Amino acid sequence: MLSARALGTPLEWPEAKKNANHVREWGIEQLLAIWKRAKGKERDALRWGDEIEYLVVAFDEEKRKVRLSLRQADILRDLAQDAALREQGGCVPELQTVIHDGDAIPVFHPEFGRFMLEATPGKPWGIGFKDLLDVEPNMKSRRVIAKDHMKSNEYPITLTTFPRLGTKDDFITPYFPPSGERLRSQFLPDEIANPHIRFPTLAANIRSRRGRKVEINVPIFKDKNTPRPFMDPTIDFNLHKWPEDDDVRNGAAKPDHIYMDAMAFGMGSCCLQITFQAKNITEGRRLYDQLSPLGPIMLALTAATPIYKGFLADTDVRWNQISRAVDDRTPEELGEVPLKNDRWRIPKSRYASNSTYISQDSQLRKEYMDPDLVVDKDLKQRLMDGGMDDLLAAHFAHLFIRDPLVIFAEDLKELDLTKTDHFENLQSTNWQHIRFKPPPPDKDTGWRVEFRPMEIQITDFENAAFAIFIVLITRAILSFDLNFYIPIPLTTQNMETAHARNAVLDHKFHFRNDPLPARPVKINGASGTTTPAGQPSRPPTPTGPVSDEHSLMTINEIMNGQSQSHCQPGFPGLIPLVESYLNSVNVDVETRCELARYLDLIGKRASGQLWTGAKWIRHFVREHNDYEGDSVVSEGVNYDLVKAVEEITEREGKSGVGVEMFRAR
Amino acid sequence: MTKLILSTSNIMNGGPSIIRRPTSERSNVELINALRTNFLASKQAFAPITNGTPETSQTKPPGHKPQDIPYSMWTARDGDSLFIPSIEFSDSGLAEERSQYDITVKLFFLPHTSASKRCTHTQEAIDLVLKVLKMPSIDLLIVSFPGVSFDADDEEEEDEEPNWTQQSSEEDLNAMIDTWRAVEHLHKEGTALQVGVSEFGSERLQKFLQRTKVRPSVDQINVRDCCVVPKSLILYAKQEKIELLTHNDCTNVLPSGTVRELLGPGENGAAVLAGPEGREGLKGEIEPQWVVKYTAVIRDRGVIENKGYIAMAEISD
């Protein structure tokens, strides 16, 4: 979520750059203040929340065309007015039909794209198993409420990307021509982004810092009639409006790729993000580490992004496109030219998989750490002088190698240590696949971990299934003391692997062979029946070569378990681990049955008995009568596709459309 | 007669006992594996010290196979009880105070034990659990009677006689109610805040309820059946305010043959029982009496901090 903030005067890039150190230093001071205030925070309950992001589409039945609707602001205004009415005890009939008495009203937020909406539950979820049964109905009610505040031809869909974003026709309504001052995109108008000053500034400053437009090249899916080599036919090589129009003449667009040139192509994607509150900082750090290796697996398993800019892509997920869409690295930082003005080469975009482990855990071996980690040594030292330990200081000093992108002049006057704005400036523009979130200034919220890699699914049933699965796996991790550590570079590599078309079935991922902790060694009876009070015993640090600890596995093996062979027990499987957990706690029959539906869906997606969204969408396009085998997703095909997606959202495959994703034949 | 008290210690950090395929048949694999693992770990911990360092599995000198370590070194005798392995009550216990936990205890009565003995067993088992967890009370005590098994198919046609009524049901019910008195007692004295039963169909539940003073608030159904629980039972449970929970246990968790194998002199045994070549050990007929499973879950975080089993078997000297 990109949080909106009070208006101010944002600095244009050269000015912002000059103040970068200032913001970083104040940000570090604020971080130290937060850390000192909250490091002893204990016994916070599990609270968690999900974020569902929607694209708002508008159907034009007459022309058989579907466009993105840019009415985000109007819709949010109508929603806000309704919510206000309801709080005053007023009656809004259509709201009362979907919200039960006493339920908190969901919260809607703006997003980067002006065609997007985000909805979160009105209050966080707990771990009461009956709470879990409310998640799916709540997600459904959010969609109904959103729809109720749209025009009759508008619909909130949960596709990761709009298949024809950036095509030559009028794919948005109202229509604006491309090539504005902020984005300087030859495909998208500035009006595609949320007009709140923060968003266009973010886009413009990323572009300015980079010294050229962002560059997103997605490999084209080569079908039988796709031209070879494929040169993206939508590129205009003769534009001369902005200096950046030279980019394509300087080779920004790669052959055999779909080329895109603006932040909105990435940040206009919808994701399914889950945030958990940890008991304390120790548990938060542990969850951050343990969830990291699961990221690429869940990304491949939720794959739902096979189309960009009206073409079938040879990839199935959105991640790298967002990564490139906000990549503000300069040619020096990218390693394209020798370092001269910049401080270091940086291997990853600000939006990328994690590069740190932060848990003070005996199971964390130094061999797992990223050898390419870049940290700001001075800021790290400042944190350590303030009392922070090496691991955590390195994590934040790594996030702080970036420049702040949006700086408001008003905020530079005085350092306020009770606020977190400068810290958040950098923290919230480091979009890694797991985010470790210190408590905000309020007293109620604790240390949190956000799980960010999953793709949004077409239906709320699927979204609830994946959200709840992640919650349950965190409970299994903490209960069984599971250990998923693998070297960070392997997770980076897995993230790449997850992009391949049909990676979920066709590719293998590095994963830890044995996630179960070694039994603590008893010494002369000193260790008793249970964990000694006050000081939980930790499993010993593993020994032996790290390379023996992990191997390449299919997602089916990781999710459903490996078969046991004569001498190897085999990886037990994440779903069986969750079931083991559920068998050890009190769950009522109704909830367990519902959870079984979710686990069944996920298990069968992993085994291939059910299709991912990406596979279904690709199949839909290729089987469409109008498709010419040339990778092009035409306006007509797109219309039918989005119509089908709307139907699947409502019927979840029961009408036969999309059944391959829901019921095995 | 000696009472053998078999225990697993906390299995949550004893990785190997996690069931690999929990979705397969209902099973007592978890209990058996956990006992075996704990016996082995205890033996290794109590093994003779060489060169001042305790033996671990990595530094095992030749000549000290686990089978050779006399059981007296890693077990403890207390009156007529033999703890296998010995339990260090001083080290055990939950990390935080009582209010943080949801503690569930399931007591399995085994076949061939009388109702009167079961009353003693109930008290005995709960006392041990409280001692291990260092807690004054538990939240939920569920009792499981041998041979009682819910079958969703039986309930489908409601006018048909359910299976269990055909097998001298009156006697069964009397015995259960007699045992239930001990459960009610634990509830009344505040040791078990809630009490429940396992695998009861609606018919059995109905007859049972008529004769209880303290009503069960929980009925546990095997997870295998959780999606096919008949409407009749769901409605009845709702009406009687009984919560239907799921479990994954089998009713006869510890057959006597299994105990003999666990403690025997064989390859996978703990060598507590006398061996064929005159190796010292206990002799006599073994009869398992009860098994208790305890689980402590941190209430508002859903994290299992401690889970374990204790079993009691009698051996005639």
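In this simple spin-label model, placing a label point 7 Å from the Cα along the Cα-to-Cβ direction at both B:Arg77 and B:Glu277 gives a separation of 2.5 nm. Interface residues of region B:288-316, defined as those with an accessible-area decrease of at least 40 Å² between the chain by itself and the complete set of protein chains (probe 1.4 Å), are B:Asp300, B:Arg301, B:Gly302, B:Val303, B:Ile304. Burial annotation for region A:548-589: residues with an accessible-area loss of at least 50 Å² between the isolated chain and the complete set of protein chains, computed on heavy atoms with a 1.4 Å probe, are A:Asn583, A:Ser584, A:Asn586, A:Val589.
Using a probe of 1.4 angstrom and keeping all protein chains present, the accessible surface of the protein assembly as shown works out to 38 square angstrom per residue.
Here the calculated FRET efficiency for A:Asn625 and A:Arg597, from their Cβ-Cβ distance with R0 = 41 Å, stands at 0.75, rounded to the nearest 0.05.
Summed over qualifying helices (DSSP H, 4 residues or more, each -39500 (n - 2.57)) and divided by its residue number, chain A shows a 222 nm mean residue ellipticity of -11000 deg cm²/dmol. Too long at a 18 Å Cα-Cα cut-off: which of B:Lys213/B:Lys307; A:Lys65/A:Lys309; A:Lys419/A:Lys443; A:Lys279/B:Lys293? Check vs 18 Å cut-off fails for B:Lys213/B:Lys307; A:Lys279/B:Lys293. Among complete DSSP H helices in chain A, those whose alpha-carbon atoms stretch at least 27 Å along the helix's long axis and whose mean Kyte-Doolittle hydropathy reaches -0.5 are A:460-480. Think of the protein assembly as shown as a dipole: +1 on every Lys or Arg Cβ, -1 on every Asp or Glu Cβ, centred on the Cα centre; then among A:Ala614, A:Tyr54, A:Leu364, A:Leu364 lies furthest on the positive end.
If both residues of a DSSP beta bridge must be in the protein assembly as shown, then about 75% of such bridges are antiparallel.
Taking all Cα pairs closer than 8 Å and separated by 6 or more residues, the relative contact order of chain A comes to 19 percent. Shown for region A:224-266: the carbon plus sulfur share of the solvent-accessible area, taken with all protein chains present and a 1.4 angstrom probe, equals 56%. Computed from the Cβ-Cβ distance with R0 of 51 Å, the FRET efficiency linking A:Ala409 to A:Thr282 stands at 0.85. Counted over region B:190-317, the DSSP beta bridges are approximately 55% antiparallel. By accessible area, using a 1.4 Å probe on protein heavy atoms only, region B:177-317 has 48% of its surface on carbon and sulfur. Counting only Cα atoms, the size of chain A along its three principal axes is 80, 61, 60 Å, in decreasing order. For the residues of B:85-95, the average number of beta carbons from a partner chain within 10 Å of their own beta carbon is 5. Within the accessible area of region A:274-401, what % is carbon and sulfur when the probe is 1.4 Å and the other protein chains stay in place? Taking all protein chains in place, region A:274-401 shows 48 percent carbon and sulfur surface. The residues of region A:41-76 listed by number as losing at least 50 Å² of accessible area in the complex, against the isolated chain and with a 1.4 Å probe, are A:Arg43.
How about region A:202-270: which chymotrypsin sites (Phe, Trp or Tyr not before Pro) there are in a DSSP loop, with at most 11 other Cβ atoms within 10 Å of their Cβ? For chymotrypsin sites (Phe, Trp or Tyr not before Pro) across region A:202-270 that sit outside H, G, I, E and B with at most 11 neighbouring Cβ atoms in 10 Å, the list reads A:Phe237. Summing charges over neighbours of A:Phe112, with a neighbour being any other residue whose Cβ is under 11 Å away from its Cβ, gives -1 when K and R count +1 and D and E count -1. If one takes the accessible area of chain A alone plus chain B alone and subtracts that of the pair, with a 1.4 Å probe, what total in Å², rounded to the nearest 100, results? The contact between B and A buries close to 4800 Å².
The values are calculated or read from the model by the stated rules, or taken from the named source; none is laboratory data. Keep in mind it's a predicted model, so treat the numbers as computed, not measured. All Cβ positions, even for glycine, are placed from backbone atoms using ideal geometry, and neighbour counts span all protein chains on display. Calculation scope for accessible area: heavy atoms of the full protein, side chains included, ligands and nucleic acids excluded. Shrake-Rupley method; radii C 1.70, N 1.55, O 1.52, S 1.80 Å.
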